């Protein structure tokens, strides 16, 4: 198992320059319990920061505003990466998308290999969008463009 670092590796940074299926973990603001949600609108702004978009009405936003400690599970390079950090609101509303999305950053505090000893991922999880491909591609483009412009 590789040692813990405080920034993304070059390979992980490169992987996070395009859409990825990841798991976002927050702490529920009411119960204090851990939560997990699958997201795909995420990319690496730089080696020390991830940016992602969520429905602005999502409970996840309230969770991260209340308790900014969060983590993301990223699958790649034959392993499972755990990326830890503090969530920061970038924009409460992203311009140029057809519904209310909020934009958050994770300021990375640690990255570690979370795969159990003696194993390697043989295949990556693959997501298949179940609605109109052209509409999905257009929406993805709008969201990623808006996230890159957010300040």
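Every Cα-Cα pair of segment 104-151 was included, and the share exceeding 16 Å stands at 67 percent. Treating r as the C-beta distance of residue 122 and residue 149 and R0 as 35 Å, the FRET efficiency rounds to 0.40. Normalised by the number of residues in the chain, the average gap of Cα pairs under 8 Å and 6 or more apart makes the relative contact order 25 percent. Between residue 89 and residue 18, the FRET efficiency from the beta-carbon distance, with R0 = 22 Å, is close to 0.35.
With both labels modelled 7 Å from their Cα along Cα-to-Cβ, the residue 140 to residue 30 distance reads 3.4 nm.
Its relative contact order, with pairs defined as Cα atoms under 8 Å and 6+ residues apart, puts segment 52-99 at 33 percent.
In percent, what relative contact order does segment 8-56 have, based on Cα pairs under 8 Å that are 6 or more apart in sequence? In percent, rounded to a whole number, it is 35.
Only helices enter this figure: runs of n ≥ 4 DSSP H residues, each worth -39500 (n - 2.57), summed and divided by the residues of the chain, yield -6000 deg cm²/dmol at 222 nm to the nearest 500. Using just the C-alpha positions of the chain as equal point scatterers, what log10 of I(q)/I(0) does the Debye formula give at each q in 0.12, 0.14, 0.19, 0.21 1/Å? Here log10 of I(q) over I(0) equals -0.50, -0.69, -1.23, -1.44. Quote to one decimal, in nm, the extra length available between residue 99 and residue 129 on full extension: 0.36 nm per residue of separation minus the C-alpha distance between them. Taking residue 99 through residue 129 to full extension adds about 9.0 nm, to one decimal.
Each reported figure results from applying straightforward, stated rules to the coordinates on display, with no laboratory input. Keep in mind it's a predicted model, so treat the numbers as computed, not measured. Glycine also receives a Cβ, built like all others from the backbone with ideal geometry; neighbour counts cover every protein chain displayed.
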